[in-house]
Every structure is written in structure tokens, then in C-alpha cells.
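The values are calculated or read from the model by the stated rules, or taken from the named source; none is laboratory data. This one's a predicted model, so the numbers in the text were calculated from it and none came from an experiment. FYI the Cβ positions are ideal-geometry reconstructions off the backbone, even for glycines, and counts take in every protein chain you see. Surface areas here come from the heavy atoms of the whole protein model, side chains and all, with no ligands, DNA or RNA. Shrake-Rupley method; radii C 1.70, N 1.55, O 1.52, S 1.80 Å.
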Amino acid sequence: MAVESSVLLKWYSDTARDLPWRREGVSAWQILMSEIMLQQTPVVRVSPIWEEWVERWPVPSAMAASSQAEVLRAWGKLGYPRRALRLHECAGVLAAEHGDVVPEDVDTLLSLPGIGSYTARAVACFAYGQRVPVVDTNVRRVVARAVHGNAEPGNPSNTRDLADVAALLPRTRARAATYSAALMELGALICTARTPNCESCPLPNCAWVASGKPAHTGPPKKVQKFAGTDRQVRGKLMAVLRESHRPVERAQLDIVWPNDPGQRDRALHSLLVDGLVEQTDDGLFALAGEGTA
């Protein structure tokens, strides 16, 4: 069973969210920035920071000319700050080797620092209108239900998932690119994980609904917690360093997580290993690039 393209495209045309990176005049570099930011981060948190970045770093060379620390500060509390470091590295490669222009083809995009399978295809599709399958969590869920009749998708498989979506794409390039955005939008707004709004779904046929909405039979999904995790501790340590423009003493870091020194030490060590934090020769701590300032 296919996810009907004409119906889905009409629904998307009528109801698509007015997201800033979907507007006219947005460059491939700016779309690349949005895709990196949106990984595991809600749209509402990304949008204002993305708009600041577009103004501050409209082209890759502008970001490449900034320090790692400047980029990390501007990243703020988006989470997973290694993405910011990789984007800064990517900007340098684009400026030095690609004439300050993001490549169009998937294979070249995949050769850039920090660009994986999803991001490469998303940029090729949404920035350049390429007819390539783009598969995120939302798309996998829509395909699992509408095509395969399953409440939830199985374990990710790049080969299978890309083949599933490629088989659904309209033949014309322009329609295929818009269809990819529409499929993603359907999963984000209607065919959601916990409470799918089937009554508002534009699709006239859905294998999951047709089979009576069978419950998911696999193991329950693990809920990703944040409070009390190393991720939370890392965030608190990074916040201290973002707010300071000079290296800080260890005591300034210790006070943000005093009840579990072992966890705090582990989190700090992981930041050092990831290259997000540096230690100076005299034992102070700073954001990447500021340890020798």
C-alpha cells in the first residue's frame, strides 16, 4: 500500500508549518545548520537560535573565521554540543575546499565532517530538490503504520528504510522533494508516537488502521531521561564555561554538582575527551580554543 502522493502533497500545501528554514531565499548552508540543530532538539528551541546564527554566520567562511568557543557559546543550551564543534569543522572545509558552497550530491556531502546519512540526504533534498529518500524517526513511523501495518517501526536499517521511502517517492524531482517534507510533517504533527490523531490524517488508506490498530508487540521503548544523568552534569559544567570568557578554576566547576563528585569528575573527563573543554598548563579549564588564550 502506498502513501498517496497527491493527497499528501495537497495536505502539506494547505497545512505545513511556516518554519523559517523553509522560506524563500534560505541557502543550502543555512538549511544544513538547521538540520544539525534539529537533531534530537524540538523546533521551538531551534528556531530562535537558528535565526541568530543565520545573521551572524550567513556563509561557512564566516563561521570558520570564528573560534570554537564562540560557536559553542552561541549554541547555548541546545544540547549535544559536539554538533556545534563538528559544524564549525565542516564550515572550515566548505570555506577552504568548496568555495563556501554546500555541495549538492549526497556522496560529497557524506565526505564532510559531522555529516551522516540522514543529514546528507536532507540537505540534498530540502536545499537542492534532489529526488532522494530522507528518513528520520517520523518518516519511519509513518511508513511502519501506513505501509506495513505496524504500530511502531522495527530497529533502524539504513538499507531497508531508504528502500521503503524510495519506493514511495513521486517520479518527478520537484514533487519528490516536497513529498519528503510532507511525509516528515505528517509524522511530526499527525502520526505521532504516543497519540496519533488518525481522525485528522489526510491519508485515505492506512494499513495499521485497516487492521484495527494492533498494539506494538515488541519490547517497550526506553524513555530517555535527563535529570541526574551525565548529560545534565555536562550541561551544567558547560554553562559555567560559556558564561566565562577566561579559564576558570576547578572549584567553580565543582560547585555545580557537589553531591556526586565521582559523576562530576566523569562528566568533566568526557568533555575533555570530546574536545569541548580544554585544561590549561596551570590547571584551569576553558571552552575549546580558549585554553591557550
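Details
- Scanning region 64-82 for residues that are aliphatic (A, V, I, L, M), in contact with a Gly (Cβ under 8 Å, 6 or more places away or on another chain) and open to solvent by less than 30 Å² (accessible area, probe 1.4 Å) yields a single hit, Ala69.
- Contact map, region 56-76: first residue without any contact (Cβ under 8 Å) to a residue 24 or more places away in the chain, second residue surrounded by fewer than 19 Cβ atoms within 10 Å (Cβ to Cβ) and charged (D, E, K, R), Cβ cut-off under 6 Å, separation 6 or more or different chains; the map is empty.
- Screening region 171-193 for residues that are open to solvent by less than 40 Å² (accessible area, probe 1.4 Å) and among the hydroxyl-bearing types (Ser, Thr, Tyr) and picking the one that is farthest from the chain's Cα centre (by Cα) gives Tyr179.
- Search result, residues across region 8-32 that are open to solvent by 50 Å² or more (accessible area, probe 1.4 Å), more than 26 Å from Asp105 (Cβ to Cβ) and not acidic (Asp, Glu): Lys10, Ser13, Thr15, Arg17
- If the condition is being out of contact with any helix residue (DSSP H, G or I) (no Cβ under 7 Å at 6 or more places or on another chain) and either assigned to a loop (DSSP other than H, G, I, E, B) or surrounded by fewer than 13 Cβ atoms within 10 Å (Cβ to Cβ) (or both), then region 38-51 contributes Gln40, Thr41, Pro42, Val44, Pro48.
- Region 106-117: number of residues that are open to solvent by 40 Å² or more (accessible area, probe 1.4 Å) and either at pLDDT below 95 or closer than 18 Å to Ala84 by Cα (or both): 2
- Selection from region 118-139 of residues that are open to solvent by less than 30 Å² (accessible area, probe 1.4 Å), small (Gly, Ala, Ser) and outside any loop (DSSP other than H, G, I, E, B): Ala120, Ala122, Ala124
- Residue among Leu94, Leu85 that is more than 30 Å from Ala207 (Cα to Cα) and open to solvent by less than 20 Å² (accessible area, probe 1.4 Å): Leu94
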